[in-house]
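The values are calculated or read from the model by the stated rules, or taken from the named source; none is laboratory data. The structure presented is a predicted model; accordingly, all values stated were derived computationally and were not measured. Counting neighbours? That spans all protein chains shown, and the Cβs are built from the backbone with ideal geometry, glycine included. Just so you know, the surface numbers come from the protein's heavy atoms only, side chains and all, with ligands and any DNA or RNA stripped out. Shrake-Rupley method; radii C 1.70, N 1.55, O 1.52, S 1.80 Å.
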2 protein chains.
Amino acid sequence: MAEDFPVVGQDSDAWEAARTLAEHRLPGLVVTGGDGKPWSILPASQVVRFLVPRYVQEDPSLAGVLSESMADRMADKLRGRTVRDLVPEEPPELAVVADDDTIVEVAAIMARLKCPLAAVMAGSTLVGVITASRLLEVALTAR
Amino acid sequence: MAEDFPVVGQDSDAWEAARTLAEHRLPGLVVTGGDGKPWSILPASQVVRFLVPRYVQEDPSLAGVLSESMADRMADKLRGRTVRDLVPEEPPELAVVADDDTIVEVAAIMARLKCPLAAVMAGSTLVGVITASRLLEVALTAR
């Protein structure tokens with residue numbers, strides 16, 4: 001049931017992580033810690049949030065007065081940053097499942113954590129990821 | 001910047017909506033109301049949540065004792081239901097933007113609502129959708 005899925009480390013380049021999300025049109029990435037084990041999730045929406053200037057977050061009406069050239073440089077904020085800088089201070093809990101868990105077990109964990117993807121472990125090794133849409137595909141074709 | 005994107009009505013068939021999410025591997029769908037205007041968002045993770053039996057939601061350890069054949073019938077819960085049945089009682093607020101908004105305006109609205117997609121309107125007509133990953137793509141290639 002697991003899918004191949006790009007994984008990034010906490011210390012990976014933030015620009016590269018954003019490019020991976022964009023190129024593969026992913027809802028999020030699994031972020032691994034220094035030990036190679038899944039640590040958190042980096043949702044694409046969180047990266048979008050990071051790109052929005054602080055003063056626009058505080059007063060959204062200011063977004064309309066930014067010049068096009070400033071808008072074009074929005075992604076520059078990613079330069080020199082790491083994935084760790086993008087993840088919120090309280091990192092969202094990643095759903096972690098075992099490769100022999102049933103579809104109901106995976107669904108239950110995703111549902112409880114409201115997480116759009118689950119990391120699949122074989123013992124202590126990350127072997128893949130299951131997105132919510134992939135789980136639906138399996139559920140709908142189960143019989 | 002907008003993408004073609006499947007849209008479902010509140011009264012659309014729940015099974016068909018789940019199949020659309022699965023087939024196109026989408027993080028969510030825009031749900032329109034009776035007037036054809038965007039009403040809410042149906043995240044794939046919400047459909048997964050709907051499929052999990054109530055007693056498993058309350059006690060996740062019960063997921064492991066379900067037989068495979070019960071697991072295979074998990075999606076049957078969608079039969080005869082509409083999209084309205086899947087959306088939470090307090091429907092999440094959908095980000096709605098105008099087709100001439102700048103990328104910073106779109107990002108600001110997505111960030112504020114923590115919404116993984118935005119509906120794009122030309123006047124009162126829904127003309128497309130922007131996902132968070134699509135917005136990143138535009139931001140990273142802006143120059």
Notebook entry, point to check: Do we have A:Ser12 as hydroxyl-bearing (Ser, Thr, Tyr) and open to solvent by 40 Å² or more (accessible area, probe 1.4 Å) here?
Noted result: no
Check: Can you tell me which residues in region A:10-55 are among the small types (Gly, Ala, Ser) and within 23 Å of A:Thr125 (Cβ to Cβ)?
Finding: A:Ser12, A:Ala17, A:Gly28, A:Gly33, A:Gly34, A:Gly36, A:Ser40
Notebook entry, point to check: Does region B:128-142 contain at least one residue that is β-branched (Val, Ile, Thr), more than 19 Å from the chain's Cα centre (by Cα) and buried (at least 22 other Cβ atoms within 10 Å of the Cβ)?
Noted result: no
Notebook entry, point to check: Could you give every pair whose Cβ atoms fall below 9 Å, whose first residue belongs to region A:90-106 and is at the interface with another protein chain (Cβ under 9 Å from one of its Cβ atoms), and whose second residue is of a type in the set (Ser, Thr, Tyr) and crowded, with 17+ Cβ neighbours inside 10 Å, counting only separations of at least 6 or pairs across chains?
Noted result: none
Notebook entry, point to check: Can you pull out the residues in region B:72-97 that are of a type in the set (Gly, Ala, Ser), open to solvent by less than 10 Å² (accessible area, probe 1.4 Å) and within 16 Å of A:Leu140 (Cα to Cα)?
Noted result: B:Ala75
Notebook entry, point to check: If B:Leu113 satisfies every condition in (1) facing another protein chain (nearest Cβ under 10 Å); (2) buried (at least 18 other Cβ atoms within 10 Å of the Cβ); (3) aliphatic (A, V, I, L, M) but one, which is the exception?
Noted result: (2)
Next item on the list: Within region B:28-53, track down each residue that is open to solvent by less than 10 Å² (accessible area, probe 1.4 Å), small (Gly, Ala, Ser) and in contact with an Asp or Glu (Cβ under 9 Å, 6 or more places away or on another chain).
Entry: B:Ser40
Notebook entry, point to check: Can you tell me which residues in region B:62-71 are more than 8 Å from chain A (Cβ to nearest Cβ) and either at pLDDT 80 or above or surrounded by 14 or more Cβ atoms within 10 Å (Cβ to Cβ) (or both)?
Noted result: B:Leu62
